[in-house]
Amino acid sequence: MRSEVWMIATSSATAAELSCSHGFAILSIPSQWVENSVIDRTENLRFGWRWRVLAALVTGEHRSMFQINSQGILFMKLYWSSTSPFVRKVVVSAHELGLADRLETIPTRVAPNKPDLALLQYNPLGQLPTLVLDDGTALYDSLVIIEHLEHVAGGAKLIPSSPEARIEELRFHALCNGFLDLLVQWRIESMKDAKQIALINAFNLKSSMIWAKLEAAAEQVGQRPFGLSSITLAIVAEYADFRFPRLGWREKYPVLSSWHRSMQSRPSLVSSRFFDGSQSQ
Ligand SMILES: N[C@@H](CCC(=O)N[C@@H](CS)C(=O)NCC(=O)O)C(=O)O
């Protein structure tokens, strides 16, 4: 078999597996891999995701990371809907990490009273998003998937690694993600003929408290890098515009609104806008 000799940078875990200590490895790469475009030699191998793909191919780690189709392109399967805010977190994160073109999306329609049977095989919760790796491993929920994508992309880009910053990022994410849960439940309840008034009142009360917290935090969030919590906050803003235009939140919370306007033209957000499609819930 023809082969090429390449020097690549490795993560410390991969370096350990390859028994090399300086974060570099000299590898003999089968030419076929290059020809099949599994490896794109015009790209910067040292810092992009490609060197990790290469290292993963060598160590066999790719089996848990990617799918390889007949053209040698690497994919992960994402059970997807254009209306799910949790799916959108994953898609925006993948875009920010440079992995968007590695997601193969599977349009899926779900509702609490209408589980999708194919999805249930992978995720017994029957929820979107679910990411399926080539060995059949299914990852859920959105936070776990984003953690995985971070790992694939080389780590600590969307979620800081230092303990204090990490806890703060995760805490603020929990607030925004919990709000998305509330908004989704609110929408489901408001579409019912017989609405539970006590539940709608609780949604109203909680949401006004949450909006106030987000308004107070918006300036500080704007000073941090665009990561997990800002992605989730931007999606709260856009989901509220999409499903709850009657709330008029932009007039009530001007700091948050202006933060969102400064973010909304990021390519990751523009390319993943919500829309009602055939799979919408
Ligand atoms: N905590 C989950 C929430 C996922 C979720 O609620 N997804 C909705 C779609 S927006 C869903 O699949 N609903 C169907 C169901 O719960 O049966 C996450 O962050 O991924």
All positions within the stretch 109-166 that are of a type in the set (A, V, I, L, M, F, W, C), more than 14 Å from the ligand (Cβ to nearest atom) and not in a loop (DSSP other than H, G, I, E, B) = Val132, Val152, Ala153, Ala165
Only one of (1) at pLDDT 95 or above; (2) open to solvent by 50 Å² or more (accessible area, probe 1.4 Å); (3) within 16 Å of the ligand (Cβ to nearest atom); (4) over 23 Å from Pro129 (Cβ atoms) does not apply to Ala212, and that is (3)
Of the residues in the stretch 211-237, those that are assigned to a helix (DSSP H, G or I), without any contact (Cβ under 8 Å) to a residue 40 or more places away in the chain and within 23 Å of the chain's Cα centre (by Cα) come to Gln220, Gln223, Ser230, Ala237
Any idea which of (1) among the polar types (S, T, N, Q); (2) modelled with pLDDT of 95 or more; (3) part of a helix (DSSP H, G or I) is the one Ser272 doesn't satisfy?
-> (3)
Using the structure shown, decide if Leu133 is more than 27 Å from Lys206 (Cβ to Cβ) and crowded, with 18+ Cβ neighbours inside 10 Å.
-> yes
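The values are calculated or read from the model by the stated rules, or taken from the named source; none is laboratory data. Keep in mind it's a predicted model, so treat the numbers as computed, not measured. Reconstructed Cβ throughout: ideal geometry from the backbone, glycine too, with neighbour counts over all protein chains shown. Ligands, DNA and RNA are stripped out before the accessible areas are found, and what is left, the full protein with its side chains, is counted by its heavy atoms. Shrake-Rupley method; radii C 1.70, N 1.55, O 1.52, S 1.80 Å.
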